[in-house]
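To keep things clear, I will list the structure first and then write my remarks on it.
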């Protein structure tokens, strides 16, 4: 596929206007062809206008038609084959195998949402039947379901070029709910973005869907991002990235004349608490799992475990020795782009400059020309940790902070001092759990997901998953960006009172033609009325 | 009951500090005893600290204990008997009968939420079981449910001194979800607020619940309201009132270091669209129903129909004649307080000053000493309406605007021009509905509830109700402030991965001891695992 480097609005490539952006190969340290063109404000407006127009047709499409579109998008992405993987590898430095796995996850996600839409129960149909005889007043017939909201702006993430990008979870769930999507490509992988966007446009065309359903815009400047959020036709925003960028989008959305929801997932430190029984029983095995989790994808995951807390004892000492040894032998590896590597190195320097923190780094020196990140483990005590809040802030990359606590009180104080995170993990034996019974509720206050005897990386895409958490992990702790529940972010309830059957949406008619789960008079059922 | 006029923090009355506020009898035009004391910043902080402290105990209470508390609060409010109704009537000018009905609604609401909590399925328990054999990676065991969020600040509304006030829907749903509540009393009925607050505190005491679960603060200044929203321990806000006040709270919450959700229901014009068949068949009966709905509670409802749109024809003319006649004979009645009456009169004057608007008012002159509102009907054409956006803005009180459209295109243009509202109503015959099939989706974009051949006033409190709508009707169109779904506003999901049974919340264990509805591997069931 010859990349054209142009913005794609409603299936059409635009003219070459605007500033140019160059992709960069972090492994080779060189720029890639072709240049990409930053979206102009006229193009941003046109993309949203097209989306709003398409919405008026798309919202009337049947679940089967929407599901077919999602499946067709998956198919078209698969058809891109190794050409896509090669381009993405050159733009991100991520290994081919990882990228094949991530693409499989992204297309599975599209197919999973196709399944959700076909099955149909996600609309939460709820029916309260009339009671015309009720005294003192008759009860009306009231029926509620979720409906789509309109154009959704999705910001591609750098660290998941497929699964959280052009046709990733945000786009899949927004389209599944019945909304058009305007994607802002992440400037770190514009070629990947164009290839996937062209696959999406192709699928839309083949499914005879309105072309305005999808647009792809490029941009590096804040102005492009803010203009997308501020556009009056934008109804919601999906974002995965840094706290600073996510908060800026949230602030812009809150200041609109008509505020809109921003679902920003802004990362997390993902603390791991190792209870003393587990530490003594299997501290060294835990160190091996931890090293793998910390260095997975060069630590470039929102769920990378950046903090480990344990009680100072012989087991803890053995664990620290082991993790130090493992990190010393960890290999430096290419990070996504020079800016991320720089931020990582600055972060480590910031942490190691704190008095009372000891740093151990990989014995192999990283090659800056290959944008390599240098694995690191930092060790400190609870007192130092509690006095220096920066030790509890995310450093995006292959590092983790180990906190050794002199007492149970310190251990709990560290937990209490945390801000919001996506996950927290507990390692413990059955005895530990009994002993630390009151500790779990303390963590529930802080996170969206609790993991037992495992690692936070590797987020299962399923119905029960919750990938979210209190601020600053996300801007909306009610929402998840992974799993089927993500579809609910881009819908809102509407209710119909005393409507005649033929004027009701199919999902709310007496006859349950779609065979979906509904609550009728407070009872879940697939029955008719 | 002797009113003390003091703030009530965690069951204790505070010292008499702060500015004083006087209640006012709008029917008699005179101030009432005793003076009430505006909360100081120290008191606001203490109320939230107590709430946060109480939360750590309350969240561990069983559903049965929480349900008993809600029932006990209902019982204690009922025990206040006519003394409460008398005080509220004197503070609001609302008739005794209406107040008895509203109190019945408020206590029913408390009992309904007790039922929701006892039944237990509201937590949306969702279980994806492990597949240890799955390739390439085993699937973990993932289980999700809703948990409470912490202290909720509730602002009492002036127009519903029971149902949307101290122990109204916001408080009931927040307590039901497992959260402590700090109420800011509406300054128009501080005595009512104190009486109900003392009933709540009594119930908390009798149920052996933590006293900090509930506090009542008085205040008229913006500072008190903003300090409550800005307090770092506040986790969410419930509000019913004006757009200006609701937006100010929303803005303050969005600017916090850690933003929190504000569920502000800020009123609505509740447009009514009368299709031509219905207008010709029963325009005069419709006029009678409309007059009742517009003047119900002196028009002081969020769902009062403030806009009626029809097609100019003989039927429309007969309707306009009839509604003018009915409004001329409507009696002025006492509004809640002088400020509301003044705003209403200013609003009518603003509308009638628009060239092309004709106003018809009640023949009986209102008595300003009795704070009486003067019923009004304003008639105009589509062209005037579309040119003057203020005609589509809420005027809170017993008035409505009738728009006569020369063409179907104008009729649809009026619908398209609307901003977000709580409700829209369609009157039509079966033929009308067939003819105007594409009209309903146009309204779905604008509102949270669609009513057919009825009136928007009289909101049923049930599971399927949605009392919300796009901005500026509310700050969060995903939420409802009426009905059992209101409980979801004050909860967030959390998920547990590979947790041992004994460390899981009861609702997520294999054994479905509580007999709640859960989704297990995408199937709704009450079965075990």
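Relative contact order for the stretch A:271-452 using alpha-carbon pairs under 8 Å, separation at least 6, rounded to a whole percent? Mind showing how you got there, number by number?
On the way: 343 pairs, mean separation 51.9, N = 182.
Relative contact order comes out at 29 percent.
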Next on the checklist: Rounded to the nearest 5, what % of DSSP beta bridges with both residues in chain B are antiparallel?
Outcome noted: 45
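Of A:516, A:487, A:320, how do they rank once you tally other Cβ atoms within 10 Å and put the fewest first? Present the calculation step by step, with values, prior to reporting the outcome.
Values: A:516 18, A:487 24, A:320 21.
Final ranking by Cβ density, sparse to dense: A:516, A:320, A:487.
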Item to check | Kirkwood hydrodynamic radius over Cα pairs of chain B, then Stokes diffusion coefficient at 25 °C and 0.890 mPa s, in µm²/s | outcome: 100
Item to check | Centroid-to-centroid separation of the stretch A:39-69 and the stretch B:303-379 [C-alpha atoms, Å] | outcome: 42
Checklist entry - Using the alpha-carbon centroid of each, what span in Å lies between the stretch A:491-506 and the stretch A:163-193? => result 30
Checklist outcome for this item: Note to self: Kirkwood Rh of the stretch A:271-452, Cα pairs, one decimal, Å, is 16.3
Checklist entry - Averaged over peptide A:464-477, how many Cβ atoms belonging to another chain are found within 10 Å of each residue's Cβ? => result 5
Checklist outcome for this item: Counted neighbours (other Cβ, 10 Å), sorted fewest up, put B:520, B:260 in the order B:520, B:260
Checklist entry - Mean separation of Cα pairs under 8 Å and 6+ residues apart, divided by the residue count of the stretch A:417-515: what relative contact order is that in percent? => result 24
Item to check | Where only alpha carbons of the protein assembly as shown are counted, the Rg and the Dmax (Å) | outcome: 29.8, 93
Checklist entry - Put the label 7 Å from Cα along Cα→Cβ for residue A:49; what are its distances to the other copies, in nanometres, shortest first? => result 5.8
Next on the checklist: Just to compare against my own numbers: the Cα pair-distance distribution for the stretch A:60-115, 10 Å bins, whole % per bin, please.
Outcome noted: 25, 43, 23, 9, 0
Checklist entry - When the Kirkwood hydrodynamic radius is evaluated over all pairs of different C-alpha atoms of the stretch B:315-411, what value in angstrom, to one decimal, is obtained? => result 14.0
Checklist entry - Could you give, in nm with one decimal, how far residue B:108 is from each other copy of that position, shortest first, with labels 7 Å out from Cα toward Cβ? => result 5.0
Next on the checklist: Quick check on the exposure proxy: order B:200, A:183, B:116 from fewest to most C-beta atoms within 10 angstrom.
Outcome noted: B:116, B:200, A:183
Next on the checklist: Defining a contact as two alpha carbons under 8 Å apart and six or more residues distant in sequence, what relative contact order in percent does chain B show?
Outcome noted: 17
Checklist outcome for this item: The chain B residue whose Cβ lies closest to the rotation axis carrying chain B onto chain A, with that distance rounded to whole Å, is B:254, 2
Next on the checklist: Report the per residue volume, in Å³, of the convex hull enclosing the C-alpha atoms of the stretch B:463-529.
Outcome noted: 122
Checklist outcome for this item: Computed over the stretch B:175-313, the Cα gyration tensor eigenvalues, each multiplied by 5 and square-rooted, give semi-axes in Å (largest first) of 40, 20, 14
Checklist outcome for this item: Whole-percent tail of the Cα-Cα distance distribution for the stretch A:408-498, cut at 17 Å, equals 58
Next on the checklist: 7 Å along Cα→Cβ for the label point: how many nanometres lie between residue A:35 and each equivalent label in the other copies, listed shortest first?
Outcome noted: 7.3
Checklist entry - At 222 nm, what helix-only mean residue ellipticity would chain B give, in deg cm²/dmol to the nearest 500, using -39500 (n - 2.57) for each DSSP H run of four or more? => result -11500 deg cm²/dmol
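Since every read-out is calculated from the coordinates, none of them should be taken as a lab result. What you see is a predicted model; the values in this text were computed from it and never measured. Counting neighbours? That spans all protein chains shown, and the Cβs are built from the backbone with ideal geometry, glycine included.
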